[in-house]
Amino acid sequence: MGFYNGGNQFNETLSHKTPMAPHATRITAGSFLTLHYRLSGPAGDIINTFDAQPATLTLGSGELSPAVEQRLIGLEEGARATFDIPAGEAFGERNPDMCQWVARKLLSEMGDPHEQYAVGDVVQFPTPDGLGAYAGYVQQVGSDANGKDDAVLFDFNHPLAGQPVTFEVHVIGVL
């Protein structure tokens, strides 16, 4: 370390060197993250990893909604934050067309013919190409909208669609 004296000469001085604090890594688009998080709505938690293993994910891969990911951008490793997201922003508005009656006959062909369904159950369905899956939760069991066939009414909206969401996060690691 040194300084310039009044005569424009550089003078060396001994000083105690303080190590610079390491800069925490900030989350950017495409970051690989390890984190604990909680998504909750008016009825309570939908996802909560704080009492279990932390989640690992890549930002931008679709594992979180764009509105949730946007709030992560710029947070540093080790950060804790809570965000209140307005109704409909995190998971879109509820779409009544995403509530569909599925005939029991079709459900039997796709899975266990003896499966019993109850209101609130979440059921995984294969995508048409068979490479992925999507979920629906049971709203009603009985006859379809025409009152003819034995069927189950599924809601394929996200459970927090059209609702305000609280997103709480603890960023454990950023790569």
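With labels modelled as points extended 7 Å from the Cα through the Cβ direction, what inter-label distance (nm, one decimal) is found for residue 100 paired with residue 46? In this crude spin-label approximation the distance works out to 1.9 nm. Summing Lys and Arg as +1 and Asp and Glu as -1 over all other residues whose Cβ lies under 12 Å from the Cβ of residue 165 gives a net charge of -2.
In this simple spin-label approximation, residue 73 and residue 139 carry label points 7 Å from Cα along the Cα→Cβ vector, and these lie 3.4 nm apart.
A short reminder: the numbers here are calculations on the coordinates, not readings from a lab. Being a predicted model, the structure only gives us computed values, none of them experimental. Heads up, the Cβs are rebuilt from the backbone with ideal geometry, glycines too, and the neighbour counts pull from every protein chain shown.
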